[in-house]
Amino acid sequence: EGANELTWLGYTQGLFVDAFGNTREDSDGDGKLIYANDKIIQTRYAPTLGETVADLFNDVSPADGQADSTTPVGTVVLRDVAALWEAGKRLALTDASSRTLL
């Protein structure tokens with residue numbers, strides 16, 4: 001609308017939600033939720049980067065739905081979360097004239 005033409009502007013990712021309400025990435029890429037293998041993620045805005053990031057937490061010992069530590073084992077930007085699937089890249093490559101935006 002107006003003078004600005006926009007194409008696909010975001011990410012559409014599939015992530016796990018475990019029985020405890022934690023959001024988890026598919027850390028090992030096997031497509032299965034295994035508490036000891038798939039990291040708990042907590043998102044937050046990082047002002048120094050100017051974008052949202054995901055802090056990654058292990059849940060290994062015991063694999064009980066709670067992070068093993070309050071200190072993340074890593075932090076990644078959202079596009080680097082190990083998602084089950086990610087549709088944004090594929091949608092960005094499609095011809096904008098053949099899409100209907102609702």
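The values are calculated or read from the model by the stated rules, or taken from the named source; none is laboratory data. Since the model is a prediction, treat every value here as computed from it, not as a measurement. A quick note on method: Cβ atoms are made from the backbone with ideal geometry, for glycine too, and the neighbour counts reach across all protein chains shown.
Out of curiosity, is residue 52 more than 22 Å from residue 13 (Cα to Cα) and either of a type outside the set (A, V, I, L, M, F, W, C) or touching a Lys or Arg at 6+ places or on another chain (Cβ under 6 Å) (or both)? Taking the combined requirement at face value, the residue does not satisfy it.
If we keep just the residues of region 59-102 that are closer than 19 Å to residue 43 by Cβ and of a type in the set (Val, Ile, Thr), which is surrounded by the most Cβ atoms within 10 Å (Cβ to Cβ)? Here the residue is 81.
For region 59-91, the candidate set comprises residues that are among the charged types (D, E, K, R) and not in a loop (DSSP other than H, G, I, E, B); within that set, the residue that is modelled with the highest pLDDT is 80. The residues of region 35-58 that are in contact (Cβ under 8 Å) with a residue 24 or more places away in the chain, loosely packed, with under 14 Cβ neighbours inside 10 Å and not in a strand (DSSP E or B), listed by number, are 36, 49.
Taken over region 8-34, residues that are surrounded by 15 or more Cβ atoms within 10 Å (Cβ to Cβ), modelled with pLDDT under 95, out of contact with any strand residue (DSSP E or B) (no Cβ under 6 Å at 6 or more places or on another chain) and of a type in the set (S, T, N, Q) amount to 0.
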